[in-house]
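Please treat every number below as a calculation from the coordinates, not as lab data. In this text the structure is predicted, and so the values were computed from the model without any measurement. As a convention, Cβ positions derive from the backbone with ideal geometry for all residues, glycine included, and neighbour counts pool all protein chains shown.
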Amino acid sequence: MATKKKTTTKKSTSKKSPAWQRKEGKNKSGGLNAKGRASYRKANPGSKLAAPVTEKDPKGKRAKRKKAFCSRMKGMKKKLTGSKKRNDPNSRINKSLRKWNC
C-alpha cells in the first residue's frame with residue numbers, strides 16, 4: 001500500500017515596503033515621484049505631502065514653502081552629513097536641493 005506525501009505550500013508572509021521607500025517611488029532627479037507621494041499618503045492618512053516647488057521665482061504660499069524647505073534641508077546637509085555625502089552629487093539630499101533650485 002503506497003502512502004501519499006502531504007505537500008504543503010508556503011504562503012509568502014513578507015510584505016513589500018511602500019513605494020515611497022523603494023526605488024520605484026523615488027524620482028531620479030531627487031524627491032518622490034507621483035507614485036511615491038500617493039503611497040506615502042496611503043500609509044500616513046491625513047498627511048499633506050505635496051509636489052516640490054520647482055519654479056525659479058514662486059509667489060505667495062509656494063515661495064514661503066520653498067524658502068522653508070531650502071533653509072531646513074541646507075541645515076540638515078550641513079549638520080547631518082559627512083564630507084563624503086556632502087560633496088556627492090548623487091546623494092538624495094543634494095538631488096532634492098537641486099530639484100527645488102535651492
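Quick notes on this one:
- Cut-off 9 Å between beta-carbons: net charge of the residues surrounding residue 29, Lys and Arg +1, Asp and Glu -1: +4
- For the chain, convex hull volume per residue from C-alpha positions, Å³: 166
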